[in-house]
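The values are calculated or read from the model by the stated rules, or taken from the named source; none is laboratory data. Given the structure is predicted, the values throughout are model-derived calculations rather than measurements. Backbone-built Cβ (ideal geometry, glycine too); neighbour counts: all protein chains shown.
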Protein chains: 2
Amino acid sequence: MEFQMNSAIKFRNNTKLLKKARQTKPKLLFKQIVPQKVVKVVADQRELFGYRAVSQPQKVTELDRLSLGKGDRIVLDLGDHQVGHFQVKVNSIGSPMDAPLWLHVVFAELPAELGTIHEEYHGLLSSSWLAEEYLHLDVLPSLLKLPRRYACRYIMLEVVDTSPKWKVTFSEPLFTAESAVSSKQIAELNSGDPLLDKIDQVSCKTLHDCMQNVFEDGPKRDQRLWLGDLRLQALANYATFDNQKLVKRCLYLFGGLTTEDGRISANIFTQNNPIPDDTFLYDYSLFFISTLADYFTHYHDTEVLQDLFPIAQQQIEQALQLVNQQGQVVLDSEWPIFIDWSQEFDKSTCAQAVTIYALRQFIELAQKMKISIEPYQVVLDKLTKFATEKLYNQQCGLFVSGSRREINIASQVWMALAKVLPPNQNHELMEKVLNKMFPVTGIATPYMYHHICTALFETQHSAEAIELIKNYWGKMLEYGADTFWEAFQPEKPNFSPYNSMAINSYCHAWSCTPAYLLRKYLPAEKNK
Amino acid sequence: MEFQMNSAIKFRNNTKLLKKARQTKPKLLFKQIVPQKVVKVVADQRELFGYRAVSQPQKVTELDRLSLGKGDRIVLDLGDHQVGHFQVKVNSIGSPMDAPLWLHVVFAELPAELGTIHEEYHGLLSSSWLAEEYLHLDVLPSLLKLPRRYACRYIMLEVVDTSPKWKVTFSEPLFTAESAVSSKQIAELNSGDPLLDKIDQVSCKTLHDCMQNVFEDGPKRDQRLWLGDLRLQALANYATFDNQKLVKRCLYLFGGLTTEDGRISANIFTQNNPIPDDTFLYDYSLFFISTLADYFTHYHDTEVLQDLFPIAQQQIEQALQLVNQQGQVVLDSEWPIFIDWSQEFDKSTCAQAVTIYALRQFIELAQKMKISIEPYQVVLDKLTKFATEKLYNQQCGLFVSGSRREINIASQVWMALAKVLPPNQNHELMEKVLNKMFPVTGIATPYMYHHICTALFETQHSAEAIELIKNYWGKMLEYGADTFWEAFQPEKPNFSPYNSMAINSYCHAWSCTPAYLLRKYLPAEKNK
């Protein structure tokens, strides 16, 4: 998906808000991880991605007994997905080293990344994201400490070249994992269902690995603060780690870096000084309101609300400019909507629903701020009226989308979440979805699956929601996921939005929401 | 050429001698070099190595006006060969960088190294010597300071990948050249012959670039202290930079790192703590004596003589164990002789001559040390007698070598240098060489050409020696040499001892000796 690129966009820095963002920068926690075992990655067509990691007899503590010559490689298995820094001692054996060591180090979340996938890379995203380094070591023994941060479970050390007179040994490999939070902070789910417990654990681990100096979308790739991801991460965070400062920091970053006309970028680069991207997404902008509202609901933090309400207001004002006389949201090609990676369904009804969803939350915030909500209530009514009268097909009981009156699942889900219909009709809407549109197809992200599940829970279809969580997230576990993935389409499991599985992120924050959904809705379900 | 490899060899460190080596470690001199121009390397079959550097219109001062996307490259030309460290400022242009920069940097002594030569590398030496780096830069702008030292004239900056949203610019490239000496220290030759003056200049530059913390063989590859190279470098140094400490340091390093039975390694690794190689060469061991004798002749430094004479004595004693009853040196396969890279001629008569050559110098040193020279004189006579009676073919007036009584140029040259024949016969010997063996063929190194020239000068064939210098070293200039090469065979100009021109060293100390030969012998020639 290519977003707009416009170098004419002018940003302004709100120093007061950015100062508050700096003040809430977390102190990362570090944990030393010794790789658990040596593995070999072998091709296996029965595996989803064509490769499998097979345990080798060598012990990691006796790694230095293995001497590696030109072309030899070993793969270390950390035992789980980790984010952080790697070091290893490197020595030579044989004659004195009469040439530098030429070393290739590859970090992989999945075994397949260590297969041929790198060599064949023709993905849409930059190959610079493939986590590999080529290094010359002139002097051995040497402690190799790589300066960059990696997200991985597997680390391949490949000797590109030595000389015929000496070989290489490795010892004391160590991975220093880092996160803003500790896994020890979370109570176990104890749902009584081992699969749900496992899904919850892996969700928490996914969130944990994405909680760094900001809520990152994925620690392998992008490593960035995206607003759409932040909204879901924050919800999962309230239910688990409950780290208030990190959410606050991210809200202040977005609030402090708007365009001159007050728009919020879809994401912020935070490696160094924060830089807003020149990408703007309609739904993501509105989710600033949602994230602020969710934050306020959880913490009742009036300082943050007062600081950021004006920014939230700017977002809704910008969006409402796109509402026509009939109460219809008419999107601008300069401000596209995301909803899901799939480009194969019409998203205009989703835009209508997301606007209603965010406007409702905005009105709640406006009430807290004690400003007049009347003009907003008028637009909300118009928007809702257009949705129920023009987009809802009474006959089939579903919402249509676009000039071709397409019926897609995303429209129903977002309309259900926006609660445009009264509760009983909303229940029936999702009942229809279950009857006519399940099993779900054509949806490529856990992000959209999250919204389907939420819509089911919110319309009293908890059993079906739980079933969907088990089917969808459980399927990733079956395929060997240590953390949940950026993209997954069960009916087309090796789908990549970027035309290459090598570049997909296999620990992606927006897929962590079962931890939120299960903790929020499961107790009610149990008490039935 | 594969030398012996034996992990059972035990070395002993002479701490007294090594301390003196440490005390004479030079303080390197640094010079900042701004690249002179931007060039493009183009294939050109008329060029010796198939490639040529073509000047480009861009100015180095306006480098940042060039923006480079995926696959783009620029080549900077330093204007001359340099040894040192490189830095350059890197920035992005366009949208904020949404992926790391994946950069490939290649350092080349010749344009051809930037051609396809790297990709096709199948040479005998480790590909780890090819001076290239692959780097990820996560944050731009950034000052890229590469930590390794390079020998190069050309620097290629190749953008492996960015993203479609931004490009890369470079600015303020800077190369910090380093050497133990300054070119300003040398008076010009002023021979009256522009070609000889140019050969002398390039010889001095070659030596300059190899004078680092030790006398290195070549700053591109090996980067090591070899004894055979040291002997010639020291001679050229006396005639030019006259850096006493560096020779002293290298002698102490060899003397301080012998095997338990007193043998000297052919070379020492000096990147970190000095480590002797497990390679032993018969002639190189004996050249410890020659280098010490030359040093003493030049500086009359009795402290160094007294410290190192015992080591010199060990070398001659080891060699003389190989002399049989008839006075013949019978080499051991464990202790081969080098003489030249070519493996196509018999080297046994060379071994006889080198032994005589070194023994003569040893006897001179022994006299200074006031120890009895008589037993050595006896062996010298035996060796000489065997040479004149068994190896010298009276009929043709040339020396034969090996069981097949081969007549090769190296045998004549080394016998001439060893002065086994009286002066008039020695003159005739080289006269015969000139008549029967010129133009020289089958010799692959400036190292052996140096000995041919010396033998000509020493037998009153100065004009022919000068002609040979002009033909041989002058030919490298014609091919565009900025510094003289490790290997060059005029009749087979793209010869590589390692089966790849990419791995040859194009600034190699043993090729610097015209600076010595011309300064030593030219004045006498002029005064004739």
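Looking only at segment B:199-233, count every residue that is more than 14 Å from chain A (Cβ to nearest Cβ) and modelled with pLDDT under 95 and tell me the total.
0
State whether the residues of segment B:285-308 include one that is under 19 Å from the mean Cα position of the chain (by Cα), of a type in the set (Asp, Glu) and either within 24 Å of residue B:353 (Cα to Cα) or crowded, with 21+ Cβ neighbours inside 10 Å (or both).
yes
Of all residues in segment B:335-368, how many are part of a loop (DSSP other than H, G, I, E, B) and of a type in the set (S, T, N, Q)?
2
Restricting the first residue to segment B:127-150 and requiring it to be within 9 Å of chain A (Cβ to nearest Cβ) and of a type outside the set (A, V, I, L, M), which pairs with a second residue that is assigned to a strand (DSSP E or B) and buried (at least 18 other Cβ atoms within 10 Å of the Cβ) meet a Cβ separation below 6 Å and a spacing of at least six or different chains?
B:127/A:161; B:128/A:102; B:128/A:161; B:132/B:106; B:133/B:105; B:136/B:102
Taking residue B:21 and the conditions (1) in a loop (DSSP other than H, G, I, E, B); (2) closer than 30 Å to residue B:445 by Cβ, which numbered condition does it fall short on, given that it satisfies the others?
If we test residue B:21 against (1) in a loop (DSSP other than H, G, I, E, B); (2) closer than 30 Å to residue B:445 by Cβ, just (1) comes out false.
Just name the residue that is surrounded by the most Cβ atoms within 10 Å (Cβ to Cβ) out of those in segment B:96-118 that are within 20 Å of residue B:40 (Cα to Cα) and either in contact with a helix residue (DSSP H, G or I) (Cβ under 8 Å, 6 or more places away or on another chain) or within 14 Å of chain A (Cβ to nearest Cβ) (or both).
The extreme case among them is B:108.
Please count how many residues of segment A:158-169 are in a strand (DSSP E or B) and either crowded, with 23+ Cβ neighbours inside 10 Å or facing chain B (nearest Cβ under 10 Å) (or both).
6
What number of residues within segment B:179-190 satisfy the criterion of being surrounded by fewer than 19 Cβ atoms within 10 Å (Cβ to Cβ) and at pLDDT 95 or above?
Total satisfying the criteria: 1.
Quickly run through segment A:491-509 and pick out the residues that are aromatic (Phe, Trp, Tyr) and in contact with a strand residue (DSSP E or B) (Cβ under 8 Å, 6 or more places away or on another chain).
Listed by number, the list holds a single entry, A:506.
Could you grab me the full set of residues in segment A:290-334 that are more than 26 Å from residue A:248 (Cα to Cα) and in a loop (DSSP other than H, G, I, E, B)?
Correct list: A:321, A:322, A:324, A:325, A:326, A:327, A:328, A:330, A:331, A:332, A:333, A:334.
Among the residues of segment A:6-29, is there at least one that is within 14 Å of another protein chain (Cβ to nearest Cβ) and modelled with pLDDT of 95 or more?
Within segment A:6-29 (the criterion being within 14 Å of another protein chain (Cβ to nearest Cβ) and modelled with pLDDT of 95 or more), the answer is no, since none of the residues qualifies.
Scan segment A:369-389 for residues that are surrounded by 15 or more Cβ atoms within 10 Å (Cβ to Cβ) and of a type outside the set (A, V, I, L, M, F, W, C) and report the count.
4
Can you list residue pairs whose Cβ atoms sit under 7 Å apart, with the first residue in segment B:265-294 being more than 14 Å from chain A (Cβ to nearest Cβ) and the second being part of a helix (DSSP H, G or I) and among the hydroxyl-bearing types (Ser, Thr, Tyr)? Count only pairs 6 or more apart in sequence or on different chains.
B:286/B:355
Just to be sure, is residue A:86 under 11 Å from residue A:173 (Cβ atoms), modelled with pLDDT of 95 or more and not aliphatic (A, V, I, L, M)?
Answer is yes for this residue.
Taking the residues in segment B:35-69 that are in contact with a Ser or Thr (Cβ under 9 Å, 6 or more places away or on another chain) and under 21 Å from residue B:113 (Cα atoms) as candidates, determine which candidate is surrounded by the fewest Cβ atoms within 10 Å (Cβ to Cβ).
B:43
Given the criterion over 30 Å from residue A:96 (Cβ atoms), over 25 Å from the mean Cα position of the chain (by Cα), away from chain A (no Cβ under 13 Å) and not small (Gly, Ala, Ser), identify the matching residue among B:174, B:196, B:189.
After applying the criteria, what remains is B:174.
Just to be sure before I move on: is residue B:76 assigned to a helix (DSSP H, G or I) and either within 29 Å of the chain's Cα centre (by Cα) or not assigned by TED's automatic domain parsing to the domain that holds residue B:256 (or both) in the structure I sent?
The answer is no for residue B:76.
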